[in-house]
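A quick write-up on the structure given underneath.
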Amino acid sequence: MRRSVGCNAFGLRRGLDAIHSHSWFVEGSDTAMVRMRAKQFSWGLRALVVAGLGLSLVLGGCGGGSDSSTPAPVAGTLIASPATFAAFGDTPNTVAITGGVGPFTVRSSDTTLITVAQQVVGAAFTFVPKNVNVATPVTLTVTDNAGATSAVVVTVTPATIPAGVITVTPATGSVCAGENNATTSVATLCSAENATASVTLKDANGVAIANRPVRFEALTFGATFGVTANSTAFSRIATVSSDGNGVATVAMRTDVEVTSEAAFLRATDTISTHRVDSWITVLKHADNLTALSVLPTTGGLVSFYSGECPSVRREYGIQGGKPPYAVTLAAGSSLILSDGVTSAAPGAGVSVAAAGGHFTVENAALATCTTSSNTVTVTDSIGTIAKGTYTIGLGTGSRGTATTELAVTPPGLSLVADPVSAYCTSSMARYAISGGTAPYLASASIPQIATSISGGTNLEVTFVSDRKWKLLKGQSATILVLDSVGKVAVATITCT
């Protein structure tokens with residue numbers, strides 16, 4: 001069935017953004033330092049694809065005419081999902097809608113706690129509940145144009161760590177503290193260094209919460225915790241209670257044997273279950289000097305098709321040594337370096353002014369390329385050298401015959417995770433949209449991943465690894481593209 005739709009652009013964007021706000025997240029446990037919530041992602045992906053496939057039905061209520069020779073679609077059972085879930089106060093949450101007959105409306109049983117726009121545009125809606133002092137259930141009722149209803153029971157749960165990050169304070173006189181890049185880490189510490197980590201708990205009225213147990217966890221290697229400043233035993237998990245000002249503080253010690261890496265920390269209010277995540281950078285350190293290092297030690301991509309490479313840009317950071325730094329490529333390289341502001345000519349070098357700074361490495365889209373490992377050399381002002389690599393791996397897929405059907409190419413793309421820190425640094429990848437009926441809209445299943453379309457058919461997918469969030473090894477996102485008549489095409493981006 002083909003439709004011409006007059007108001008799809010804003011409606012689709014709002015609907016897609018809402019669908020994708022449920023994302024992967026990392027969950028700690030005693031048996032697994034980093035574990036993916038597969039069930040949560042499974043629901044999110046089902047909602048994303050099913051809701052996307054059903055958007056052509058929803059768009060029918062948005063306006064436009066249809067071909068009278070094409071039979072009208074038959075709507076499935078109206079389902080708003082998930083049917084029950086807990087939502088922290090002051091935090092965005094999403095409900096997806098499948099089936100039914102659009103347009104849809106939604107009603108809240110407690111409009112003082114959860115206010116929703118009555119008219120739903122697209123196939124999902126997002127809401128931000130007010131914070132609460134005790135868990136409170138609220139029912140959201142979705143009604144379609146035929147009178148069918150589907151209820152969602154939301155338990156609004158207290159958000160008790162309003163700052164959203166863990167405060168990490170290095171020891172006085174830390175050599176490495178001066179190298180911190182606040183956009184990517186809450187703190188930078190030397191190996192075998194002492195510090196403290198803390199969070200402040202407050203209720204919905206801003207009143208400090210005293211004597212509340214808080215669990216601190218190091219979900220990757222790089223740091224350990226002790227209950228008190230003079231602790232003799234440190235472990236990856238420690239639980240302490242907040243003081244009279246609502247502050248829960250643990251002693252922290254970075255690992256002795258590290259190769260400049262990122263460490264992932266979590267603090268959880270064990271009563272409300274509200275939790276926050278933060279990243280720190282831990283640097284190899286000896287003789288009162290920080291060793292020059294490049295992170296990631298290895299970056300790059302694995303293509304989907306054999307014999308060709310899409311355009312990918314990866315970010316690297318420099319720590320230690322004596323700035324400024326000269327970044328160079330091996331002779332004959334066609335890779336493109338950038339200092340984050342200006343891109344050099346293919347194969348040319350760039351300069352980075354300060355420790356904690358970044359540079360990027362990009363390969364242009366190539367119809368013919370081979371597997372390769374490219375050396376990136378960083379030289380500091382006194383001649384110390386550190387090296388990283390940019391690898392290109394080829395896939396096994398073959399391009400099929402071009403059709404008029406909507407498609408995204410490549411259908412999958414993998415970014416190489418650093419073997420030490422086990423995450424993918426800030427990156428960009430380009431896809432191409434073909435077939436279908438322009439204009440197109442795109443979005444991603446992880447809200448931190450942005451999509452943009454240029455030139456009508458060029459799809460750029462980007463993300464920034466920051467102090468709260470990083471794309472972890474083994475984590476994937478689905479990229480969803482819709483054309484103006486509701487056809488859907490999907491692609492993936494994965495950190496491997």
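Residues in segment 318-351, backbone N under 20 Å from the label point at Ile382 (7 Å along the Cα-to-beta-carbon vector): list them, ranges by number please.
It comes to 318-327, nothing else.
List the residues, sorted by chain then number, that are 5 or more residues from Arg212 or on another chain and whose placed amide H is less than 5 Å from its amide H.
Ser242
Please compute the length gained on full extension between Ser231 and Thr149, using 0.36 nm multiplied by the number of residues separating them and subtracting their Cα-Cα distance.
The Ser231-Thr149 span can extend by a further 23.8 nm.
Taking θ = phi - 60°, what integer Hz values does the Karplus form 6.51 cos²θ - 1.76 cosθ + 1.60 yield along segment 450-455, in sequence order, with x for Gly and Pro?
Result, rounded to whole Hz: 9, 10, 8, 10, 10, x.
Which entries in Lys322/Lys468; Lys284/Lys322; Lys130/Lys468; Lys322/Lys473 show an alpha-carbon gap greater than 26 Å?
Values: Lys322/Lys468 28 Å; Lys284/Lys322 15 Å; Lys130/Lys468 22 Å; Lys322/Lys473 31 Å.
From Lys322/Lys468; Lys284/Lys322; Lys130/Lys468; Lys322/Lys473, over 26 Å: Lys322/Lys468; Lys322/Lys473.
Starting from segment 212-292, pick out the GluC sites (Glu not before Pro) whose DSSP state is loop and whose Cβ has at most 11 other Cβ atoms within 10 Å.
Glu257
Between Ala331 and Thr111, 0.36 nm times their residue separation minus their Cα-Cα distance comes to what? Write out the running numbers ahead of the final one.
Details: separation 220, 0.36 × 220 = 79.20 nm, distance 6.47 nm.
Answer, rounded to one decimal: 72.7 nm.
Taking a cut-off of 28 Å between Cα atoms, list the lysines near Lys487, but don't count ones fewer than 8 places away on the same chain.
In chain and number order, the partners are Lys39.
Evaluate E = 1/(1 + (r/R0)^6) for Asp90 and Asn458, where r is the Cβ-Cβ distance and R0 equals 30 Å; express this FRET efficiency to the nearest 0.05.
Efficiency for this residue pair is about 0.25.
Using θ = phi - 60° and the Karplus curve 6.51 cos²θ - 1.76 cosθ + 1.60, what whole-Hz ³J(HN,Hα) does each residue of segment 366-379 get, with Gly and Pro shown as x?
Result, ordered by residue: 10, 6, 9, 8, 10, 4, 8, 10, 10, 8, 10, 10, 10, 10 Hz.
Determine which aspartates and glutamates satisfy two conditions relative to Lys470: a Cα distance under 16 Å, and not lying fewer than 8 residues away in the same chain.
Answer for Lys470, where 16 Å is the Cα cut-off: Glu27, Glu261, Asp277, Glu315, Asp418, listed by chain and number.
Please give the length that would be gained between Ser241 and Thr139 if that part of the chain were fully extended, namely 0.36 nm times their separation in residues minus their C-alpha to C-alpha distance (nm, one decimal).
33.3 nm
Beyond 19 Å, how much of the Cα-Cα pair distribution for segment 167-289 remains, as a whole percent?
That fraction is 45 percent.
For Ser443, list long-range residues whose amide hydrogen, built 1.01 Å from N in the peptide plane, is under 5 Å from its own amide hydrogen.
Excluding prolines and chain starts, which carry no amide H, the hits are Leu480.
Readers should treat all values here as calculations from the given coordinates under stated rules, not as data from a laboratory. The structure displayed is predicted, hence computed values, not measured ones. Counting neighbours? That spans all protein chains shown, and the Cβs are built from the backbone with ideal geometry, glycine included.
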